[in-house]
Structures are given as structure tokens and as C-alpha cells.
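The values are calculated or read from the model by the stated rules, or taken from the named source; none is laboratory data. Predicted, not measured: the structure shown is a model, and the values here were computed from it. All Cβ positions, glycine included, derive from the backbone under ideal geometry; neighbour counts span all protein chains shown.
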Amino acid sequence: MKTLFHLSLPCTDIEETKSFYIETIGAVLGRHSNNWIDINLYGHQITFTQAGKFNFNNPNYVFEGKILPSFHFGIILDIDTWGITYSTLNKLELELVHQATFLKNMPGEHLSFFVKDPNGYMLEFKSFKEPNQVFNL
């Protein structure tokens, strides 16, 4: 069995969250009710639960001269899927953050960009030059 990742997060509006992940990102809706939804994001399960207003202290950090959000989650894609995803989301005129190559010519070199979902979460899309270097130092 392939090991899958599950993440559960609060959200402010189920319908807006569902629309963003299904219609904008292209994920697939899984089990759901009026108060929660499961999203299939490239085979991984993200559960959003209606929680009303919430507040996170979202400090940032600097990596290779770029200011990045400390609080984020993401998905690692092959280069073709990453390119299609970036192009699709960029055409929608969403606020994409840092389409950049990190760790250039080093172990772990990867392309990355972020997009903010309706709840204020930063979702990162990565593609590693060498897929076997995801955890290399």
C-alpha cells in the first residue's frame, strides 16, 4: 500500500473552500457533509471543518533571499504536472507567490510557488529536479 498523507484544518466557509479546491485547484471532492469536506489532493486527504473565524500568527522567514510563509502546506509534483498547474492557476490571475527555483545546482533543487486559499492558508506546489532528493541534505 502506498502511504498517504492526511491533514485536517479549520475553515471559515465550506462552500467557498470546496469551490477553491475543486474548481480552481482541480482536486476531487471526497466524503462530505454540511460541516466538513474531504478533498483528494493528488491522492492525499485534506479535511476541512467549518470552524468560523480563527486567527493564526503567520510569521514569515527568509530563504535564499525570498520571504516565505512559515505556516503552509503543499504537494510535491512531477515537473510536467507542476508546469500545467502553475500555468492554469497563473491564467486565473490568482495571487501567486514566488515562482522560483530554490537550492539551484545543489541537492534538493526545486521549483516552487504558493497560492492562498479562501481561508488564508498558503498552499505550496513543488517540483524537484531530482525526485529522489526530496529529503537529501
### Task
Could you identify the single residue in Leu29, Leu41, Leu4 that is at pLDDT 90 or above, of a type outside the set (D, E, K, R) and loosely packed, with under 13 Cβ neighbours inside 10 Å?
Leu29
## Note on the structure
Of those in the range 76-125 that are part of a strand (DSSP E or B) and either touching a Pro at 6+ places or on another chain (Cβ under 7 Å) or aromatic (Phe, Trp, Tyr) (or both), the residue surrounded by the fewest Cβ atoms within 10 Å (Cβ to Cβ) is Phe102
### Query
What are the residue pairs meeting all of these: first residue in the range 96-110, first residue over 21 Å from Ile84 (Cα atoms) and assigned by TED's automatic domain parsing to the domain that holds Thr85, second residue outside any strand (DSSP E or B) and at pLDDT 80 or above, Cβ atoms under 6 Å, and 6 or more apart or on different chains?
Leu103/Glu109; Pro107/Gln133; Gly108/Gln133
### Task
Could you check, for the range 12-23, whether at least one of its residues is in contact with a helix residue (DSSP H, G or I) (Cβ under 9 Å, 6 or more places away or on another chain) and surrounded by 15 or more Cβ atoms within 10 Å (Cβ to Cβ)?
no
### Message
Looking at the range 115-128, I want the residues that are over 12 Å from Ile76 (Cβ atoms) and have a partner that is surrounded by fewer than 21 Cβ atoms within 10 Å (Cβ to Cβ) and small (Gly, Ala, Ser) with Cβ atoms under 9 Å, at least 6 apart or on another chain. Which pairs are those?
### Response
Pro118/Ser19; Met122/Gly74; Leu123/Gly74
### Task
With the condition kept exactly as written, say whether any residue in the range 60-71 is closer than 18 Å to Phe5 by Cα and either modelled with pLDDT of 90 or more or surrounded by 12 or more Cβ atoms within 10 Å (Cβ to Cβ) (or both).
yes
### Message
If I go through the range 13-39 residue by residue, how many of them are assigned to a loop (DSSP other than H, G, I, E, B) and either within 26 Å of Lys91 (Cα to Cα) or charged (D, E, K, R) (or both)?
### Response
4
